[in-house]
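Asks: Dropping the structure in here first, questions after.
The values are calculated or read from the model by the stated rules, or taken from the named source; none is laboratory data. Because the structure is a prediction, the values reported are computed rather than measured. Cβ coordinates were reconstructed from backbone atoms using ideal geometry, including for glycine residues, and neighbour counts include every protein chain displayed.
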Amino acid sequence: MNNKLISVKNEINKVLRGKDDVIDMVLCTILAGGHILLEDIPGVGKTTLAVALSRSLGIGYKRMQFTPDVLPSDILGFSMYDREKNDFSFRPGAVFTNLFLADEINRTSPKTQAALLEVMEERKVTVESTTYRLKPPFFVIATQNPVGASGTQKLPDSQLDRFFVRLSLGYPDHTAASEMLKGRSFESIDSVERIMNGEELIALQRMAADIYASDEICDYIVTLSEATRNTDLLMQGVSPRGSIAILKLARALACYEGRDFVIPEDIQRVMYPVCNHRIILSTKAKAQNLSASDIINDTLRQIRIPL
């Protein structure tokens, strides 16, 4: 594994134990330049993960609690008249940072949710016909409570597709929960030390983007994606944007593990995090009590693995 990223993971583990798989996937998504959706119940460490990540990576961080009264201008910014200059000046919104935590994104209005679309896709903000580009690196970690929880509004498919992955921290295991209550397991968030800076992260992102993926690997991804579109168990399969995300995340995983080429196992590991929020189950699948995980795993079993 990359030594710097191992150190980053160790710093996060100071405040979040027993979640190595999720931390690995979060770091790989950052390497791939993608955005992360954390869907979980309150109180399992989503905000702690984001703060620890920003501290260890040495990048800027801002958090916004999404409520029904949050406006797009709160996120993007607005123009205000400046008497001294006798002109309007732009006041940047909360999104002008490196890591933007959109906490409980599905509790705000669809209009405010949509305000993040351009930012997430193009890393720029347009206010009153003027475009402002965000300084790299930039990524969004959004949290949401499960759909159906009180006061939530489902994210539209177009917005869900902007997230590279949808992950879930879940409850801690018995040992970790017991140690947490005894005060022996977790350190203060202030104990998390800076391991990298923004420039080093950008260099690693470029390295990950250059990881070699053979024609057979690319064909494997396309075949898997097409299989999700040609089954009566799904109303909607993996989009072309989803296929690109699979490749980028597989390259990042290879870089994270210290390889300069993608292997089929990389595709298999990233398939569920990338695709679980992009597919829509059909009535037939629901009647059979199948989950997104069941269908994705079945697709992986059916498609021949390239040698």
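Asks: Could you tell me which residue of the stretch 116-153 is surrounded by the most Cβ atoms within 10 Å (Cβ to Cβ), considering only residues that are small (G, A, S) and modelled with pLDDT under 85?
Replies: To start, the set of residues in the stretch 116-153 that are small (G, A, S) comprises 129, 142, 148-151.
So of that shortlist, the ones also modelled with pLDDT under 85 come out as 129, 148-151.
On the way: S129: 5, G148: 7, A149: 13, S150: 6, G151: 11.
Out of the qualifying residues, it is A149.
Asks: Please name all residue pairs, on different chains or six or more residues apart, with Cβ atoms under 6 Å, provided the first residue is in the stretch 65-84 and is within 13 Å of E104 (Cα to Cα) and the second residue is in a loop (DSSP other than H, G, I, E, B).
Replies: F66/E104; F66/T108; V70/T108
Asks: Criterion first (touching a Pro at 6+ places or on another chain (Cβ under 8 Å), in contact (Cβ under 8 Å) with a residue 12 or more places away in the chain and either assigned to a loop (DSSP other than H, G, I, E, B) or under 18 Å from V140 (Cβ atoms) (or both)) does V26 satisfy it? Steps first, please.
Replies: Working: touching a Pro at 6+ places or on another chain (Cβ under 8 Å): no; in contact (Cβ under 8 Å) with a residue 12 or more places away in the chain: yes; either assigned to a loop (DSSP other than H, G, I, E, B) or under 18 Å from V140 (Cβ atoms) (or both): yes.
For V26, the condition - touching a Pro at 6+ places or on another chain (Cβ under 8 Å), in contact (Cβ under 8 Å) with a residue 12 or more places away in the chain and either assigned to a loop (DSSP other than H, G, I, E, B) or under 18 Å from V140 (Cβ atoms) (or both) - is not met.
Asks: How about the stretch 45-95: which of its residues are touching a Gly at 6+ places or on another chain (Cβ under 7 Å) and either more than 28 Å from R17 (Cβ to Cβ) or at pLDDT below 90 (or both)?
Replies: Answer for the stretch 45-95, where residues must be touching a Gly at 6+ places or on another chain (Cβ under 7 Å) and either more than 28 Å from R17 (Cβ to Cβ) or at pLDDT below 90 (or both): S73, D74, I75, L76, G77, F90, R91, P92, G93.
Asks: OK, next. Kindly indicate whether I105 is at pLDDT 90 or above and either closer than 25 Å to I30 by Cα or surrounded by 14 or more Cβ atoms within 10 Å (Cβ to Cβ) (or both). Quick ask: steps written out before the conclusion?
Replies: Details: at pLDDT 90 or above: no; either closer than 25 Å to I30 by Cα or surrounded by 14 or more Cβ atoms within 10 Å (Cβ to Cβ) (or both): yes.
Here the answer is no, as I105 does not meet what is asked.
Asks: So for the stretch 48-66 (the condition being within 17 Å of I141 (Cα to Cα), of a type in the set (F, W, Y) and out of contact with any Asp or Glu (no Cβ under 6 Å at 6 or more places or on another chain)), does at least one residue qualify? I'd like the intermediate steps shown before the answer.
Replies: So in the stretch 48-66, the residues within 17 Å of I141 (Cα to Cα) come out as 48-66.
Checking which are of a type in the set (F, W, Y) leaves us with 61, 66.
Narrowing the set further to residues that are out of contact with any Asp or Glu (no Cβ under 6 Å at 6 or more places or on another chain) leaves 61.
Yes, there is a match, as at least one residue in the stretch 48-66 is within 17 Å of I141 (Cα to Cα), of a type in the set (F, W, Y) and out of contact with any Asp or Glu (no Cβ under 6 Å at 6 or more places or on another chain).
Asks: Considering the stretch 17-44 alone, what residues qualify as being buried (at least 17 other Cβ atoms within 10 Å of the Cβ) and at pLDDT below 85?
Replies: Within the stretch 17-44, the subset buried (at least 17 other Cβ atoms within 10 Å of the Cβ) is 17-19, 22-40, 44.
Listed by number, the residues that qualify are R17, G18, D40, V44.
Asks: Restricting to the stretch 220-237, what's the tally of residues that are free of Cβ contacts under 8 Å to residues at least 24 places away in the same chain and in contact with a strand residue (DSSP E or B) (Cβ under 9 Å, 6 or more places away or on another chain)? It would help to see each step written out before you state the result.
Replies: From the stretch 220-237, those free of Cβ contacts under 8 Å to residues at least 24 places away in the same chain are 222, 225-226, 229-230; that's our starting set.
Still in the running and in contact with a strand residue (DSSP E or B) (Cβ under 9 Å, 6 or more places away or on another chain): 229.
So the count comes out to 1.
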